[in-house]
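The values are calculated or read from the model by the stated rules, or taken from the named source; none is laboratory data. Treat the numbers as computed from the prediction; the structure is a model and nothing was measured. Neighbour counts run over all protein chains shown; Cβ positions are idealised from the backbone, glycine included.
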Amino acid sequence: MYPTDRPRRLRTDGVSPLVSESSLAASDLVAPVFVDATTDERVPIESMPGHERVPVDEAVARVEEIRRTGVEAVILFGIPETKDATGSRAYAEDGVVQRAIRRISAETDAYVIGDVCLCEYTDHGHCGVVEESAESDPTLTVKNDETLELLAETAVSQADAGADMVAPSAMTDGQVRAIREALDDAGHEGVALMSYAAKYESAFYGPFRDAADGAPAFGDRRHYQMDPANRREALREARLDAEEGADVLMVKPGLPYLDVVSDLRREFDRPIAAYNVSGEYAMLHAAAENGWLDLEATAHESLLSLKRAGADLIVTYFAEDLGDRL
Ligand SMILES: [Zn+2]
């Protein structure tokens, strides 16, 4: 009498929602927003269809468009008016992100997250202060401890402007502790911290670099971001960040690193975030434009996979499109 156990009994339309193990809701999603100090009008980002850089004056309108889809959280990235060696527009009181955060938190009910990094603000494009000889010897690249202070200053300036959460993405050792202490010293004990705990040196970030103008002028980021070959190291990074006070631990990118999302879910009792990055977005759009894939179905399945692997929240360029349908 084989088979006696029949999983297909639970695949009828009536019962399948009852036994579904994962779900995706608009409230799981965070939408990236790019604010650009170099433009007076919205500029479409070619490699990320549907996304634009917006001037500060349009930031509130942009966030309201997102909120109408049911997505309540945004993460802000800035394109500054000028760049320099230490990324000083990242922590300026009147920096592009600070001005946008001030307006968005005053005029909307969105949950506002500030991305804390220096690479969009430095003229060399690295995530911190670089050694003088870095150009000839790329292994030197970013000076870790000198960078900590600037990251802390950036986070505090965003919190001063009204950010609900800051998200350090520089992969500088000790950044979570430095930022947490600086926030607390400035009276921002209530501002949450989401660390990019396991951020890989990934080729999937290509379209973001078009959006935020952040490609390094020389060398690459493999001396501070993680080697895609490493899985155990992600646990070590996440453990350090948890000990230093991260409230949420993030894995970036998402789909190529589902094993890492799953590991972090098992090992830690904190919320886990996954960043469904620009390349993951662009490749589905490119295939859909060729008629090779159904965009909405593959986007939904991608994000559901991140939830199934253990992510509680997902930063994604699909937030608006899917939020509308969820
Ligand atoms: Zn960076």
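So, residue 212, is that one within 13 Å of the ligand (Cβ to nearest atom) and touching a residue at least 40 places away in the same chain (Cβ under 8 Å) or not?
It is true that residue 212 is within 13 Å of the ligand (Cβ to nearest atom) and touching a residue at least 40 places away in the same chain (Cβ under 8 Å).
Within region 291-303, count every residue that is out of contact with any strand residue (DSSP E or B) (no Cβ under 8 Å at 6 or more places or on another chain) and either surrounded by 18 or more Cβ atoms within 10 Å (Cβ to Cβ) or of a type outside the set (A, V, I, L, M) (or both). Walk me through how you get there before you give the answer.
Taking region 291-303 as the starting set, the residues that turn out to be out of contact with any strand residue (DSSP E or B) (no Cβ under 8 Å at 6 or more places or on another chain) are 291-301.
From what's left, either surrounded by 18 or more Cβ atoms within 10 Å (Cβ to Cβ) or of a type outside the set (A, V, I, L, M) (or both): 291-292, 294, 296, 298-301.
Summing the residues that are out of contact with any strand residue (DSSP E or B) (no Cβ under 8 Å at 6 or more places or on another chain) and either surrounded by 18 or more Cβ atoms within 10 Å (Cβ to Cβ) or of a type outside the set (A, V, I, L, M) (or both) in region 291-303 gives 8.
Considering 217, 309, 229, which residue is closer than 27 Å to residue 87 by Cβ and among the small types (Gly, Ala, Ser)? Walk me through it before giving the result.
On the way: 309 fails: closer than 27 Å to residue 87 by Cβ; 229 fails: closer than 27 Å to residue 87 by Cβ.
Exactly one residue qualifies, and that residue is 217.
Would a scan of region 115-127 turn up a residue that is away from the ligand (no atom under 15 Å from the Cβ), in contact with a strand residue (DSSP E or B) (Cβ under 6 Å, 6 or more places away or on another chain) and modelled with pLDDT of 95 or more?
Kept after step one, since they are away from the ligand (no atom under 15 Å from the Cβ), are these residues of region 115-127: none.
There is no residue in region 115-127 that is away from the ligand (no atom under 15 Å from the Cβ), in contact with a strand residue (DSSP E or B) (Cβ under 6 Å, 6 or more places away or on another chain) and modelled with pLDDT of 95 or more.
Please specify each residue of region 296-326 satisfying the condition of being free of Cβ contacts under 8 Å to residues at least 24 places away in the same chain and closer than 18 Å to residue 50 by Cβ.
Going residue by residue through region 296-326, those that are free of Cβ contacts under 8 Å to residues at least 24 places away in the same chain are 297-299, 301.
297, 298, 299 - these are the residues of region 296-326 that are free of Cβ contacts under 8 Å to residues at least 24 places away in the same chain and closer than 18 Å to residue 50 by Cβ.
Which number in (1) within 16 Å of the ligand (Cβ to nearest atom); (2) more than 15 Å from residue 127 (Cα to Cα) marks the one condition that residue 152 misses?
The number of the failed condition is (2).
Are any of the residues in region 190-199 over 30 Å from residue 94 (Cβ atoms), touching a helix residue (DSSP H, G or I) at 6+ places or on another chain (Cβ under 6 Å) and within 16 Å of the ligand (Cβ to nearest atom)?
yes
Please find, among 242, 288, 319, 211, the residue that is modelled with pLDDT of 95 or more and surrounded by 22 or more Cβ atoms within 10 Å (Cβ to Cβ).
Within the list 242, 288, 319, 211, the selection yields 319.
Collect the residues in region 234-257 that are under 16 Å from the mean Cα position of the chain (by Cα) and of a type in the set (A, V, I, L, M, F, W, C), keeping them in residue-number order.
Within region 234-257, 238, 246, 248, 249, 250, 251, 255 qualify.
Is it true that residue 85 is at pLDDT below 95 and more than 12 Å from the ligand (Cβ to nearest atom)?
Taking the combined requirement at face value, the residue satisfies it.
Considering (1) touching a Phe, Trp or Tyr at 6+ places or on another chain (Cβ under 9 Å); (2) assigned to a helix (DSSP H, G or I); (3) surrounded by 20 or more Cβ atoms within 10 Å (Cβ to Cβ), say which one residue 167 fails and leave the rest.
For residue 167, the failing item is (2).
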